[in-house]
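Visitor: This is the structure, below, for whatever I ask next.
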Amino acid sequence: MNTNRTEGPPDAELRIEEEDDALSLKTKMERLHDALKRCEEERKDYLDGWQRAKADFINARKAEIKERAAFFEDARVRLMEELLPFMDAFQAALQHADTNTGEGKGIMGLSQQLSQFLDIRGVCAFPAKGQRFNPKEHEAVETIAVDSPDKDEVVIAELQTGYRIGERILRPARVRVGVYAPPAGDNPVANGKGP
């Protein structure tokens, strides 16, 4: 008797082995599919993180550029503000200097150079006399009684020139402002005819 024989036909053994191989192949495929899915999720997470980091970097760089520009603009404005007293001194000196002498011509030349320096950098004086009083542009140092309602709240005299750089006021003009007070006979409230 042949003891090497197994029970059942030999094809059955092959089918069992093939089923085991198919089952392990299916399991392997499922495992590979799961691993691939995890890799894709990790890749997406890494890509999202990288894109966020890149966007944060770009935004930080833009913010730094803005801050740097604002710093330089503030420094420029402060420098121009610090030069204004020199312009005032030259203007005062010109009022008292004889421009026909060498000294007077020198003062006038320096004043013109400083004026050009400020002008090139966008600093300009703005008119005050005859303008309606504007607290953003004018600093009222004194009020003066005027005889006409048309001169009420109008700048009568400019004591110190005001300057701006673009739309920004560097220094308001120091001014005297007219104030109209109607005569007592023209005041309806004082005459008892008012409300």
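The values are calculated or read from the model by the stated rules, or taken from the named source; none is laboratory data. This structure is a prediction, so every number in the text was calculated from the model and none was measured. Every residue, glycine among them, receives a Cβ derived from its backbone with ideal geometry; neighbour counts consider all protein chains shown.
Visitor: Outside any strand (DSSP E or B), farther than 19 Å from A140 by Cα and at pLDDT below 90 - does that describe any residue in the stretch 173-181?
Guide: no
Visitor: Under the condition of being in contact with a Gly (Cβ under 9 Å, 6 or more places away or on another chain) and within 18 Å of L170 (Cβ to Cβ), which residue from the stretch 78-122 is surrounded by the fewest Cβ atoms within 10 Å (Cβ to Cβ)?
Guide: Within the stretch 78-122, the match that is surrounded by the fewest Cβ atoms within 10 Å (Cβ to Cβ) is G122.
Visitor: So which residues in the stretch 102-131 are charged (D, E, K, R) and farther than 26 Å from A157 by Cα?
Guide: Correct list: E103, K105, R121.
Visitor: Which residues, counting only those in the stretch 111-128, are in contact (Cβ under 8 Å) with a residue 40 or more places away in the chain and over 14 Å from I165 (Cα atoms)? It would help to see each step written out before you state the result.
Guide: We begin by selecting, within the stretch 111-128, every residue in contact (Cβ under 8 Å) with a residue 40 or more places away in the chain; these are 118, 121-124, 126, 128.
Across the stretch 111-128, the qualifying residue is only A128.
Visitor: Would you please list the contacts, defined by Cβ atoms under 6 Å and residues six or more apart or on different chains, that run from a residue in the stretch 166-191 that is closer than 14 Å to P135 by Cβ and crowded, with 17+ Cβ neighbours inside 10 Å to a residue that is charged (D, E, K, R) and at pLDDT 90 or above?
Guide: These pairs meet every condition: P172/E137; P172/E139; A173/E158; R174/E139; V175/E158.
Visitor: Which of the residues that make up the stretch 85-113 are outside any helix (DSSP H, G or I), touching a helix residue (DSSP H, G or I) at 6+ places or on another chain (Cβ under 8 Å) and polar (S, T, N, Q)?
Guide: Within the stretch 85-113, the subset outside any helix (DSSP H, G or I) is 97-101.
When the remaining residues are screened for being touching a helix residue (DSSP H, G or I) at 6+ places or on another chain (Cβ under 8 Å), the result is 97-99.
Matches in the stretch 85-113: T99 only.
Visitor: For N59, work out the one condition from (1) in the same structural domain as V179 (by TED's automatic domain parsing); (2) under 25 Å from the mean Cα position of the chain (by Cα); (3) modelled with pLDDT of 95 or more it doesn't fulfil.
Guide: Just one mismatch for N59, condition (1).
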